[in-house]
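To keep things clear, I will list the structure first and then write my remarks on it.
Each value in this text was obtained by applying a stated rule to the coordinates, not by laboratory testing. None of these values were measured; they are calculated from a predicted model. Glycine gets a Cβ as well: all are built from the backbone with ideal geometry, and neighbour counts include every protein chain shown.
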Amino acid sequence: MTKISPFPKCCILPALFLFPFSLLLAQPSSEKTSTPFLALEFSAQVGEIPKPSPYFPNIGPCEFNQLNFIVPYKPGQNWHIPYNSPDIGCAIVFGYLGNKAVLGNQVALLPNIAFETNKQARWGLQTKIGMGLSYFNNPYNIVSNPENSLIGSRITNITCLGFSYRYSPTEKLNLYAGLSIYHFSNGHYTLPNIGIDASTFSLGIKQYLKEKPNYKKATKAQSENTLDKSDTASEKYDNKIHFNLFAGIGRHQFGTASSSDGPRYSVYQLSLFLSKRYGRIHNWQAGLTLTYYADYYDFIINQETFSSNQHLQASTIRPFIGHQFIMNHMGLLTQLGVNVYSPFDAKVNIYGNEGLASALGPYLTIKLGIEYYLNSPLYSNKNKLLIGAYLETRPTGADFPELGLACSF
């Protein structure tokens with residue numbers, strides 16, 4: 001066996017999922033008032049968690065309760081304008097997962113952002129996205145809880161996507177009804193990691209604690225590349241093409257999502273890409289990524305899979321395209337890539353032989369990330385340094401969580 005990297009196992013997973021708290025840090029300060037919150041929102045959800053196999057213990061209805069603390073900001077700040085002044089908050093989530101003996105309960109912190117239509121009208125639609133940290137009190141244990149193949153660690157990611165219909169009976173009171181989807185996973189950091197997906201029906205209520213802001217919809221000019229009269233910056237938006245360099249390190253266990261108790265290995269990544277801004281909120285990318293898997297190399301050496309160039313055989317190369325939403329110092333990244341060089345995946349089948357996902361597993365990759373710029377890229381991405389937390393996935397599931405550093409030139 002080759003030596004496994006000493007990269008601290010307690011570092012990458014918490015850092016990955018605590019990163020969304022920078023959403024709150026990105027908020028401009030507001031005037032001092034008697035309460036630090038703009039509004040409080042409570043919602044209750046009831047739904048179901050599908051069984052991963054017919055042999056898994058029965059799972060009854062699941063229940064989630066959210067208490068969301070919404071942070072105030074000054075409408076009209078530059079990055080808020082194109083997003084039509086979204087609400088930003090942090091929720092405490094309590095969940096019963098339908099089988100206390102096997103799945104237990106969970107509690108989570110969920111930073112979130114909510115986009116609403118017709119915010120000044122009595123009726124409207126809301127889309128809410130949240131990502132944070134969840135704690136499980138009864139994860140997989142080979143001795144005491146071997147049946148819980150869904151959750152393999154006490155700390156996981158929680159991601160929530162909600163769609164609701166809003167009714168405002170008064171100026172400071174909103175009522176919501178809709179659907180919410182929860183996903184829990186540790187990103188393949190610890191196995192087993194089949195994960196939990198819960199579809200729920202949601203009812204909610206929001207009470208404003210301060211005077212409701214005078215939300216204004218973004219004008220066409222405010223979403224274009226040129227500055228309008230409300231902007232105070234002296235520089236124009238930079239639409240030039242910039243060269244970017246990225247380096248990252250991830251950690252995961254070797255095996256499928258239902259495997260367990262294997263060693264944890266490092267994954268190293270280097271990307272070279274070009275980026276170009278379109279408008280205030282869009283940053284498009286295209287480039288090339290090289291990924292080196294220490295677990296692939298370990299397998300190759302021990303199983304004598306390749307007789308030469310073992311380090312190269314444990315690597316993948318892929319072209320990719322990507323998109324980044326700009327939110328002041330924050331960036332929300334999505335990348336889609338195709339492995340054009342992946343000799344280990346071509347020779348060693350770790351993705352199974354069933355369905356389209358297994359067939360695409362060796363080739364297709366999706367990378368999701370939350371990034372923080374040390375200097376705001378609101379008007380230009382030139383000479384900007386960022387740190388990021390990412391999740392690399394394949395069609396068959398998560399591959400590895402990752403921390404990274406990038407610079408544009």
- Note on the structure: In this structure, the FRET efficiency calculated for Asn118 and Leu40 from their beta-carbon separation, with R0 = 25 Å, to the nearest 0.05, is 0.70
- Inter-centroid distance (Cα atoms) of segment 74-141 relative to segment 248-277, Å: 27 Å
- Query: Considering only DSSP states other than H, G, I, E and B, which chymotrypsin sites (Phe, Trp or Tyr not before Pro) in segment 36-143 qualify as loop sites with at most 14 other Cβ atoms within 10 Å?
  - Reply: Tyr55
- R0 of 45 Å, Cβ-Cβ distance Phe409-Leu67: FRET efficiency to nearest 0.05: 0.50
- Query: Distance in nm between label sites at Tyr292 and Ser307, each 7 Å beyond Cα in the beta-carbon direction?
  - Reply: 2.5 nm
- Item | Cα-projected label distance for Tyr135 with Phe243, points at 7 Å along beta-carbon direction, nm | 4.8 nm
- Apply the Debye scattering formula to segment 33-187, with a single equal point scatterer on each alpha-carbon and no solvent, then give log10 I(q)/I(0) at q = 0.14, 0.15, 0.19 Å⁻¹. -0.75, -0.83, -1.16
- Message: Test of understanding: ordering Arg394, Arg122 by Cβ neighbours within 10 Å, fewest first, what list do you get?
- Response: Arg122, Arg394
- Measure of size requested: the Rg and Dmax of segment 240-408, with Cα atoms as the atom set and Å as the unit; please supply both. 16.9, 52
- R0 of 22 Å, Cβ-Cβ distance Asn349-Asp261: FRET efficiency to nearest 0.05: 0.55
- By counting other Cβ atoms within 10 Å of each Cβ, how are Val93, Val107 ranked from fewest to most? Val107, Val93
- Round to a whole angstrom and tell me the spacing of the C-alpha centers of segment 303-343 and segment 354-409. 9 Å
- Task: Work through the residues other than Phe325 whose Cβ is under 11 Å from its Cβ and net out their charges, Lys, Arg +1 and Asp, Glu -1.
- Result: 0
- DSSP-loop GluC sites (Glu not before Pro) across segment 342-409, with at most 15 other Cβ within 10 angstrom: Glu354
